[in-house]
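The structure under discussion appears below in the form of structure tokens.
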Amino acid sequence: MYLVLFLIFGGLCVAGALNLLLQRHPINSALSLIVVMTSLAVLYLLLGAEFLAAAQVIVYSGAIMVLFTFVIMLLNAGEEERTHGSKAAYIVGFPGAAALLGILAYIFLKQRDHLGSAKLGGYLVTTHDLSAVLFRDLLLPFEVTSVLILVAILGAVALARKER
Amino acid sequence: MTSSLHLWLIPLVPFAGFLVNGLLGRRLPKWLVTTVAWVATLIPFLQVLNIVLHYSSLTLPYTENVGTWITAGGFHADFAFAFDQLTLIMLLVVTGVGFLIHLYSAGYMAHEEGYWRFFAYLNLFMFFMLTLVLAENFLLMFVGWEGVGLASYLLIGFYFTRDSAAKAGIKAFVVNRIGDFGFLLAMFLLIAHFGTLSFGQIFTQVAQHPELQGGFLTAVALFLILGATGKSAQIPLYVWLPDAMEGPTPVSALIHAATMVTAGVYMVARTHLIFDRSPFALTTLAIIGAATALFAATIGLVQTDIKRVLAYSTVSQLGYMFLACGVAAYSSGIFHLLTHAFFKALLFLGAGSVIHSLSGEQDMRVMGGLRKKIPITFWTMTMAVLAICGIPPFAGFFSKDEILYQAFVSPGPVGKIVWFVGLFTAGLTAFYMFRLWYLTFFGESRAPETTHDDHGHEHAHGVHESPWIMLGPLVILAILSVIGGWVGVPEAMGGHAEITHFLAPVTQPVGEAAEGSNSQELLLAAVSVACVAIGWFLAHLMYFAKPELPAQLAAKVRGLYTLLLHKYWVDELYGALIVTPILLLSRYVLKGLLDTGVITGGGLVLGYSAQGIGSLVQRIQSGNIRSYAGWLAIGAAALLLLTYFGFGTHLSF
Amino acid sequence: MVVPIAYYLVLSAILFSIGVAAFLMKRNIITIFMSIELMLNAVNLTFVAFAHRWHQVSGQIFVFFVMVVAAAEAAVGLAIIIALFRTRSTLNVDQVDLMKL
């Protein structure tokens, strides 16, 4: 049962990712990415990270992807042109990506037994547990992160302002 | 306990004079330059006189350590000065004769460009020579040794616009360097065996180990001899001295007659303890000295330039001094050094006076009849000629005869051989000195009507006596040439041999002293005087009584005459054997192959390859984000590979 | 009833490589940026998987921070893209190569 759920939503992730790759219009890519995000949220749930699943949906697909969509619509991005600006990307890039996949897959599958397995409900992290760590041991990074967001806001505003 | 003699002041005052004249002299008025130079030489002389006055209250030997110089590992060398009887004699010669020559030069160089430069160099020379004489260890002596070579180069090449002068300067320096190489090797050997270069320590160690004979001490002695042949112009490194006559005459008097060339003799006398342990080195020294004496005298027979004759005469007389050291009669060698300083300096200064009065003429063939025109110069030079020929009771007689006597009575067959060579050379010396005397001062004047002037002087017509500033030193030196030998009158002739006894604490050779008898000494003296008389008679015959005789004789022995005239073609020989191959090697192999090819080429290769690699790598910077991503991807894959497979780490958990 | 952790990791590897491939293939800046987000998500999955494996909460904390930073980065990045579009009037990444040597 667990395996089936994993396969379905894992498959959805991969399908969405492939769609992002193959679509020509950026808005289609954006929507596929939302699919990927949401499937990932389910996978987090399967792994017992309930807060993260919620955060994934709210922050990633609900805020970030919406932002992307806004920008695509703002800039009126059209279908992609077919330009070939760089040979290096094809010559070294694809072998590189393939090599990455190959090596990683090999390593993970080799170590399959060492890595153990996940049971549904085997490790559940409640929001309570998460916040206990976050607000006690990691309070400083937490506050610093809020400063980071402030800086990002300022940066975004400064960069995207209309020149007068 | 002696209070401090402040020996360090003695060299330092001339150095201060050099700094003042060297740095500021160009802008100073001439009288100030002269005063600085004179004062810088007078003060050391007065200080030495002061030491003489307090001599009886001194405990000798006296050393003075001014500061540490080198401490490296186990080796230690200081700026240390030493003073003993030998130093005193040398100091008197250097400062005394040096001061007289400074006086003379003010008159001789009065109209020269670069007057300030001359006196600056002269003071620099005094500084180095005094350092050499006062040094307490080999290293400080070497500083002085090298420094006088440098000063000699600067002064020989004083008229640097003249090609021959510049070349002569370089020749002197390079040939000296070869000798210095020997000195260096000797120092290295001494450090290797004794661990120190201090005279006191080395000599104490040598004295305490009577079993140290030959072996490495011979090597040290031979290397020191090499150094001495360079500095004191003996065979095979004498070739620079005749060419050194390109420099101004006071330079020839000071450096190449009285002081620098005697540094080799002083060094041998100072280190005689080492030489005493090596009979082989002593014999070598005696043979070199005798051979050089004879060799140079034969060349001097036929030279026509008045200064050249005197130069070869210097080489020959230095040969006598080395001969003396070679038979372990070190005090005799120093005695001859003392008297030679007087009469040779006088000869050179007198020659300078002659040249000055003739407005630059140096060739004896166009001199003559100057006896009446420059009488003071004539009479002082006569004193010098009589002294050098060894005619009693002038200075040279006592010193030269002492040497010949010591050679004759020294044990072994070498003594007799070198005695005979020395005797024969004495005859030759008399011949060429009186030849010079007759050609210059007697007979009819052979000078052409117009006197050309290559000396830079503007003179009115006619031959005239030199100014008193030049004649004064001549007179003083003449007096010394007469009485200077009276400090060494041997007992055989009724004297007390003061100088030998005075130097005995320093120069007494270890081992058996040669013993002769008084009658032997008198007999030998008579024989040498007879030889000298023969030489004088022949000169009188050929250059006064029958002036056409020399040309006839030269025609009869054409080959021999040409050989002597061309100085045995030694310079040409050295040129072909040594100089030319080195120049070719340097020019084609070292410069062409190594310098241009390897070094410059290597540099160029580095530069071009850096450029090439740079232009290749530049292509990665295309500005295109996707190509950057491509390189990133492949790089990440490579890193991953390396991490998992490369470092031998297999993830296990 | 169990899923080996290795499968989760392989899944994240696949997502990551697809992200790299998309980065290399696509020409629209915004799409490229989205592929970066995809890569980040793949890594997030890895962290959560390992957090489950070792029963440590720090893996999930890390994901939390990654999300925050990704959000900030997205905001700033898109602002840059807007500024770029204003000056160059193109979203084609091959045409913004002024920084070449």
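The values are calculated or read from the model by the stated rules, or taken from the named source; none is laboratory data. From a predicted model like this one, the values you see are computed outputs, not experimental measurements. Positions of Cβ are backbone-derived with ideal geometry, glycine not excepted, and every protein chain shown enters the neighbour counts.
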Taking the condition over 30 Å from A:THR126 (Cα atoms) and surrounded by fewer than 21 Cβ atoms within 10 Å (Cβ to Cβ), does A:GLU79 pass? yes
Selection within region A:151-164 - facing chain C (nearest Cβ under 9 Å) and assigned to a helix (DSSP H, G or I): A:VAL151, A:ALA152, A:ILE153, A:GLY155, A:ALA156, A:VAL157, A:ALA158, A:LEU159, A:ALA160
Within region A:1-30, residues under 13 Å from the mean Cα position of the chain (by Cα) and in contact (Cβ under 8 Å) with a residue 12 or more places away in the chain come out as A:CYS13, A:GLY16, A:ALA17, A:LEU20, A:ALA30
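Rundown of residues vs (1) under 22 Å from A:ALA88 (Cα atoms); (2) among the acidic types (Asp, Glu), yes/no style:
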site: C:GLY19; (1), (2): yes, no
site: C:THR31; (1), (2): yes, no
site: C:LEU40; (1), (2): no, no
site: C:ALA51; (1), (2): no, no
site: C:MET67; (1), (2): no, no
site: C:GLU73; (1), (2): no, yes
site: C:ALA79; (1), (2): no, no
Got at least one residue in region B:400-418 being hydrophobic (A, V, I, L, M, F, W, C), buried (at least 24 other Cβ atoms within 10 Å of the Cβ), closer than 28 Å to B:HIS356 by Cα and touching a residue at least 40 places away in the same chain (Cβ under 8 Å)? no
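Condition check ((1) at pLDDT below 90; (2) over 17 Å from the mean Cα position of the chain (by Cα); (3) closer than 15 Å to B:ALA233 by Cβ) across all residues:
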position: B:PHE275; (1), (2), (3): yes, yes, no
position: B:PRO279; (1), (2), (3): yes, yes, no
position: B:THR298; (1), (2), (3): no, yes, no
position: B:PHE322; (1), (2), (3): no, no, yes
position: B:LEU337; (1), (2), (3): no, no, yes
position: B:PHE348; (1), (2), (3): no, no, yes
position: B:LEU358; (1), (2), (3): yes, yes, no
Residues within region B:106-120 that are part of a helix (DSSP H, G or I) and touching a Phe, Trp or Tyr at 6+ places or on another chain (Cβ under 7 Å), tallied: 2
Is it the case that B:SER445 is modelled with pLDDT under 85, among the polar types (S, T, N, Q) and within 23 Å of B:ALA539 (Cβ to Cβ)? yes
Qualifying position, being surrounded by fewer than 13 Cβ atoms within 10 Å (Cβ to Cβ) and within 14 Å of another protein chain (Cβ to nearest Cβ), among B:LEU616, B:LEU606, B:LEU632: B:LEU616
Determine whether region A:127-140 contains at least one residue that is touching a residue at least 60 places away in the same chain (Cβ under 8 Å) and within 7 Å of chain C (Cβ to nearest Cβ). yes
May I ask you to list the residues in region C:79-92 that are within 7 Å of chain A (Cβ to nearest Cβ) and either more than 18 Å from A:THR69 (Cβ to Cβ) or not in a loop (DSSP other than H, G, I, E, B) (or both)? C:ALA79, C:ILE80, C:ILE81, C:ILE82, C:ALA83, C:PHE85, C:ASN92
Evaluate region C:39-49: report whether one residue or more is more than 7 Å from chain A (Cβ to nearest Cβ), touching a Gly at 6+ places or on another chain (Cβ under 7 Å), in a helix (DSSP H, G or I) and within 30 Å of A:THR83 (Cβ to Cβ). yes
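Listed here are the residues, each with its yes/no results for (1) at pLDDT 90 or above; (2) farther than 22 Å from B:ASP243 by Cα.
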residue	(1), (2)
B:HIS111	no, yes
B:LYS171	yes, no
B:VAL175	yes, no
B:PHE183	yes, yes
B:LEU189	yes, yes
Is it fair to say B:GLY614 is within 30 Å of A:ALA89 (Cα to Cα), of a type outside the set (D, E, K, R) and in a helix (DSSP H, G or I)? yes
Between C:ASN44, C:ASN28, which is modelled with pLDDT of 95 or more, among the polar types (S, T, N, Q) and surrounded by 18 or more Cβ atoms within 10 Å (Cβ to Cβ)? C:ASN44
Collect the residues in region C:11-33 that are touching a strand residue (DSSP E or B) at 6+ places or on another chain (Cβ under 9 Å) and either of a type in the set (Lys, Arg) or facing chain A (nearest Cβ under 7 Å) (or both), keeping them in residue-number order. C:ARG27, C:ASN28
Residues of region C:7-23 that turn out to be among the hydrophobic types (A, V, I, L, M, F, W, C), more than 13 Å from the chain's Cα centre (by Cα) and crowded, with 22+ Cβ neighbours inside 10 Å, as a count: 2
If you check B:ALA165 against the conditions, is it more than 18 Å from B:LEU285 (Cα to Cα), surrounded by 19 or more Cβ atoms within 10 Å (Cβ to Cβ) and under 15 Å from the mean Cα position of the chain (by Cα)? no
Does B:THR71 qualify as being at pLDDT 85 or above and either at positive phi or crowded, with 18+ Cβ neighbours inside 10 Å (or both)? no
Among the residues of region B:553-610, write down those that are closer than 20 Å to B:ALA172 by Cβ and touching a residue at least 24 places away in the same chain (Cβ under 8 Å). B:LYS567, B:TYR568, B:VAL570, B:ASP571, B:TYR574
Wholly enclosed helices (runs of 4 or more DSSP H) of region A:1-90 bearing at least 3 residues hydrophobic (A, V, I, L, M, F, W, C) and facing chain C (nearest Cβ under 7 Å): A:2-22, A:26-46, A:65-75
Mind counting the residues in region C:60-78 that are farther than 18 Å from C:PHE47 by Cβ and more than 7 Å from chain A (Cβ to nearest Cβ)? 1
Could you list, in sequence order, all residues of region B:126-142 that are within 15 Å of B:TYR266 (Cβ to Cβ) and assigned to a helix (DSSP H, G or I)? B:PHE128, B:MET129, B:LEU130, B:THR131, B:LEU132, B:VAL133, B:LEU134, B:PHE138, B:LEU140, B:MET141, B:PHE142
